[in-house]
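I have placed the structure first, in the form of structure tokens, so that the comments after it can refer back to it.
The values are calculated or read from the model by the stated rules, or taken from the named source; none is laboratory data. Bear in mind that the values here come from a model prediction, so they are computed numbers and not experimental data. No Cβ is skipped: glycine too gets one built from the backbone with ideal geometry, and neighbour counts run over all protein chains shown. Quick note on the areas: whole protein, heavy atoms, side chains included, nothing else; ligands and nucleic acids left out. Shrake-Rupley method; radii C 1.70, N 1.55, O 1.52, S 1.80 Å.
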Amino acid sequence: MGIMSRFLAAPVLAALVGFGIAGVAPAADISGAGATFPYPVYAKWADSYKKETGTGLNYQSIGSGGGIKQIKAKTVTFGASDAPLKEEELKQDALVQWPMIMGGAVPAINVPGLNPGELTLDGPTLARMYLGEITKWNDPAIAALNKGVKLPSTAIAVVYRSDGSGTNFLFTNYLSKVSKDFEGKVGAAASVQWPTGIGAKGNEGVANMVKQTAGAIGYVEYAYVKQNHMNYAGLINAAGKKVQPDAKSFQAAAANADWAHTPGYAVILTNQPGAESWPITGASFILMHEKVEDPAAAAEALKFFDWAYKKGGKEAEALDYVPMPASVADMVRKTWAAHIKDANGKPVHAG
Amino acid sequence: MADLIIAEPAATLSRAGRYQRQDRYFQWLTGGFALFVLLLLGGIVLSILDGAWPALRQFGFGFLVTETWNPVTEKFGALAPIFGTLVTSIIAMLVGVPLGFGIALFLTERCPPVLKRPLGIAVELLAGIPSIIYGIWGLFVLAPFLQHHVQPFLIDTLGELPWIGALFQGPPYGIGVLTAGLILGIMVLPFITAITRDVFDTVPPLLRESAYGLGCTTWEVVWNVVLPYTRAGVVGGIMLGLGRALGETMAVTFVIGNAHRISGSLLAPGTTISAAIANEFTEATGDLYTSSLIALGLLLFVITFGVLTAARLMLRHLERRRGA
């Protein structure tokens, strides 16, 4: 693995060296690497932040796995991961973790004759569709959830996301929570072995495949459904209520989560309680070392995250991401002050 | 010349010595370049072996014959990607070789001189299109076309036949093993065409014209004169195309459906070695998972090496038989 992380580190180093030679920037760029899911919003924030402060961000969206490897190898100031690391893993490498931004996955469908949101599904039914047990749209299990909706007898074409991704993790995590059967046969991970269906690459691949195939069901990030005006299904959440995917229902899921009592904020926001919570919601996480080797760089990074919590909300919403609630941001700031320190034990982030 | 040597022997000798030295340096330099390739290859093989070792130790020979690929339980087997790689490459060759041959034959034997250059350039341009473009075109244009027009037809006709019917059954998804094979066939076409055309052009006009003079048809000339003369080059072109088909990543990833399953139907989704790596490497977190993906890479290396060796052996066998 050493070879791999060195290979991945090369562009970062090259970028830093390039900066040193050019010598135009007042401060070095903040360097980070990891998850691809939050990349558009991090890039947008970085752009605005650079205009305001002159400090740039060099974020390599190489995937969560790569981000975790790089922060462990200390080649970047922060790593980013879609799935939270477990407490043991954080302790082992003395890492601090917090949630930065949220998003959600939405079941996208292509069923002739239905309007967006008209169809409602629940977790167990969705799991059985992805296990290949429900094969027709007019199956009694779907009909029971949709009284008064005219369902066609079209065969269900299951579409999943083939590349390892945070969206996969959220979706399979949700299905594993609501269906013991799914947990046993498939399980939850960024890539899983699907018993049925066809794999498309990326959100755009899944969206395209669903649009092209009559009777298809897939799952994509909320932004894709909204921006492409796709047909989607509502879900029945843990409280037994019908919910539609929107910023409000994502935030409800975050607000109802127990952040304060979960070490490393490792809350996976799927199937959260609360009447308005969208059940397939998730946060993307940032990782930094507890004892930083370069306090100046760490301080710059934390300043950027602080700015993003305060001022990044609008831009995140414009891109159909969901900003963290202010209460969570306050908790995270306290975590920074208490845990991220320089060699002398002094907190890196002032304020 | 003799006068010169007598006139200034020392200067000439020193000059000759200098030339000799220059030649020696030149040999070292170019030899060094060649050695660099060997070192690079050796280094890559060693690092892949090193990376693949944990997976190979864990799964042993079972890695080659297991279809399961489950990141959750960390059980990995390479059978489905190996199968997909071979099947898509075979389809690509079934499409690419006859087409490429036909084009090359037309260009060298029958084509009006006015068309020869534009057609040749068009084929070479196909080789210049980046594979991601083929992938996007395959996903947004070719796949829907196959899904709505070609696959339903195949399912209703060929799918009903005994034996080969099994190859064309199941729902028409548009993407799948067949689509990936077709895209690959188009992608290898320029390699096969360009090389076979170039070697066909090396056949001495004397041979060709003698055959025509004897009253041979174009086909007879090609089969009995041109092909035997250019065998080595033609096989080389096909192998280059096959090498590309085996290793092609991006275009295949878009259209193959990416399922670690072996299916009897060509319309069903599958996966290839390089597509599996491209899909999963970024978010592979466990050590065994990463190692299994690297082991897949090692397998592709072995398969490609095996194919090239087989081609060399076949060629040598052919040459020997012709010599006898």
* By DSSP, what percent of the beta bridges with both residues in the protein assembly as shown are antiparallel, rounded to the nearest 5? -> 65
* Determine the total buried accessible area between chain A and chain B, counting protein heavy atoms only with a 1.4 Å probe; round to the nearest 100 Å². => 2700
* Structure fact -> Accessible-area order for B:Ile121, A:Ile30, A:Ile62, largest to smallest, probe 1.4 angstrom, reads B:Ile121, A:Ile62, A:Ile30
* Which angle between 0 and 90 degrees, to the nearest 10, do you get for helix A:2-22 versus the longest principal axis of chain A when only C-alpha atoms count? -> 60
* Within straight cross-link reach of A:Lys226, meaning Cα distance under 16 Å, which lysines are found once same-chain residues fewer than 8 apart are removed? -> A:Lys211, A:Lys248
* Structure fact -> Whole-Å distance linking the alpha carbon centroid of the range A:150-164 with that of the range A:256-301 is 32
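Within the range A:113-232, what whole-number % of the accessible surface is contributed by carbon and sulfur, with the 1.4 Å probe and all protein chains included in the calculation?
Numbers: 2080 of 4170 Å².
The C+S portion of the solvent-accessible surface of the range A:113-232 is 50 percent.
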* Structure fact -> Computed for chain B: size of charge dipole around the Cα centre, +1 on C-beta of each Lys and Arg, -1 on C-beta of each Asp and Glu, debye to nearest 20, value 800
* **Among A:Ala316, B:Ile91, A:His289 the positive-end extreme of the charge dipole of the protein assembly as shown (Cβ point charges)** => B:Ile91
* Compute the relative contact order of chain A as a whole-number percentage, counting only Cα pairs closer than 8 Å that sit 6 or more residues apart in sequence. => 22
* **Reachable lysines, given that their alpha-carbon falls under 21 Å from the alpha-carbon of A:Lys177 and they are not under 8 places away in the same chain** => A:Lys86, A:Lys185, A:Lys241, A:Lys242
* Which angle between 0 and 90 degrees, to the nearest 10, do you get for helix B:177-200 versus the longest principal axis of chain B when only C-alpha atoms count? -> 20
* Dipole magnitude of chain A, debye to nearest 20 (Cβ charges: Lys/Arg +1, Asp/Glu -1, about Cα centre) -> 220
* **222 nm mean residue ellipticity, helices alone, for chain A (DSSP H n ≥ 4; -39,500 (n - 2.57); rounded to 500)** => -12500 deg cm²/dmol
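Could you tell me whether chain A comes out rounded, prolate or oblate from its Cα gyration tensor? Rule is a ≥ b ≥ c as square roots of the eigenvalues, rounded for a/c under 1.5, then prolate if a/b exceeds b/c, otherwise oblate. All intermediate terms of the calculation are to be shown ahead of the outcome.
Working: a/c = 2.09, a/b = 1.93, b/c = 1.08.
The shape class here is prolate.
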* Asked: Which aspartates and glutamates have a Cα less than 18 Å from the Cα of A:Lys74, not counting those fewer than 8 places away in the same chain?
  -> A:Asp29, A:Glu89, A:Asp93, A:Glu290, A:Glu293, A:Asp294, A:Glu300, A:Asp342
* DSSP bridge pairs, chain A: antiparallel proportion in percent, nearest 5 -> 60
* Structure fact -> Karplus-derived 3J(HN,Hα) from phi for the range A:112-117 (6.51 cos²θ - 1.76 cosθ + 1.60, θ = phi - 60°), whole Hz, x at Gly and Pro, runs x, x, 10, 8, x, x
* Asked: In Å², what does the accessible area per residue of the protein assembly as shown work out to with a 1.4 Å probe?
  -> 46
* Inter-part distance where the range A:37-101 and the range B:180-237 are each reduced to a Cα centre, Å -> 56
* At q = 0.06, 0.10, 0.11 Å⁻¹, what base-10 log of I(q)/I(0) does the Debye formula yield for the protein assembly as shown when every alpha carbon is treated as an equal point scatterer in vacuo? -> -0.44, -1.03, -1.18
